[in-house]
1. Provide the gained length on full extension for the span Gln129 to Ala99, in nm with one decimal, where the gain is 0.36 nm per separating residue minus the Cα-Cα distance.
2. Need one word for the stretch 25-70: rounded, prolate or oblate. Basis is the Cα gyration tensor (sqrt eigenvalues a ≥ b ≥ c); a/c below 1.5 gives rounded, then a/b vs b/c decides.
3. How many lysine pairs are close in the chain, with Cα atoms under 23 Å apart and the two 8 or more places apart or on different chains?
4. Where in the stretch 34-55 does the amide nitrogen come within less than 19 Å of the point 7 Å from the Cα of Glu25, taken along Cα to Cβ?
5. Go through the stretch 1-64 and name the trypsin sites (Lys or Arg not before Pro) that are in a DSSP coil and have 14 or fewer other Cβ atoms within 10 Å of their Cβ.
6. Taking the Cβ of each residue in Ser109, Ser133, Ser63 as the centre, tally the other Cβ atoms inside 10 Å and list the residues starting with the fewest.
7. Let me know the Rg and Dmax you get for the chain when you use only its Cα atoms, in Å.
8. Need the C-alpha centroid separation for the stretch 63-104 versus the stretch 1-50, integer Å.
Amino acid sequence: MILPITQFGDPILRKRCRTVSEVTEEIRTLTEDMIETMHEAHGVGLAAPQVGQDLRLAVVDVSHDPDCVSVLKVNGEEAEVADIMPLVFINPRFEKGGARERMEEGCLSIQEIRAEVQRPEMVKGTFPQLDGSELELETDGLLARIIQHETDHLNGVLFIDRVSAATKLMLRRELKRLKG
Ligand SMILES: [Zn+2]
């Protein structure tokens, strides 16, 4: 089922989301709906608060771009992007590292705006799966970028919070308009 995507100004986008304590049938259905909604919107990631759910759950799919990473280790072994897509994670725990790099970002909840954001290039950590297993993931490139963007959503943080002071100033009027 395609879900409506929460837009900027909705207070749920600013909440620190609740831990998923148990993977119920509702969580499974929600995850399927989130993947469907992300694909339909031509997005590469979607977090639960973006569909109005206060939960630490997100989905990512970069299978259209198999060369978007230079490092991808799953449970300590080299893997292909396609092996783990769509990537679903609940209650993720990871570290960021490496050089900080700039990349343009957008968001399905702030559709009119794209802006450059600086983030660490690598992520490494544990991404619990719906079946109770844990994916130990280490990656960089676009995938590391999206994982950080989606995890920010689970903490009520949006990419517009991470742009430079000059860009913030430039976006101020547009954001005020979007907020309504
Ligand atoms: Zn977003």
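Every read-out reported here was derived from the displayed coordinates using simple, explicitly stated rules and does not represent laboratory data. Nothing here was measured: the structure is a model prediction, and the numbers come from that model. All Cβ positions, even for glycine, are placed from backbone atoms using ideal geometry, and neighbour counts span all protein chains on display.
1. Working: separation 30, 0.36 × 30 = 10.80 nm, distance 2.83 nm.
The Gln129-Ala99 span can extend by a further 8.0 nm.
2. On the way: a/c = 2.24, a/b = 2.02, b/c = 1.11.
It is prolate, given that a/c is not under 1.5 and a/b is the larger ratio.
3. Taking the chain as the scope, the lysine pair count is 9.
4. 34
5. Details: sites: Arg14, Lys15, Arg16, Arg18, Arg28, Arg56; in loops: Lys15, Arg16, Arg56.
Hits after loop and neighbour filter: Lys15, Arg16.
6. Numbers: Ser109 23, Ser133 9, Ser63 16.
Least to most surrounded, the residues fall as Ser133, Ser63, Ser109.
7. Rg then Dmax for the chain, in Å: 15.7, 48.
8. Their Cα centres are 20 Å away from one another.
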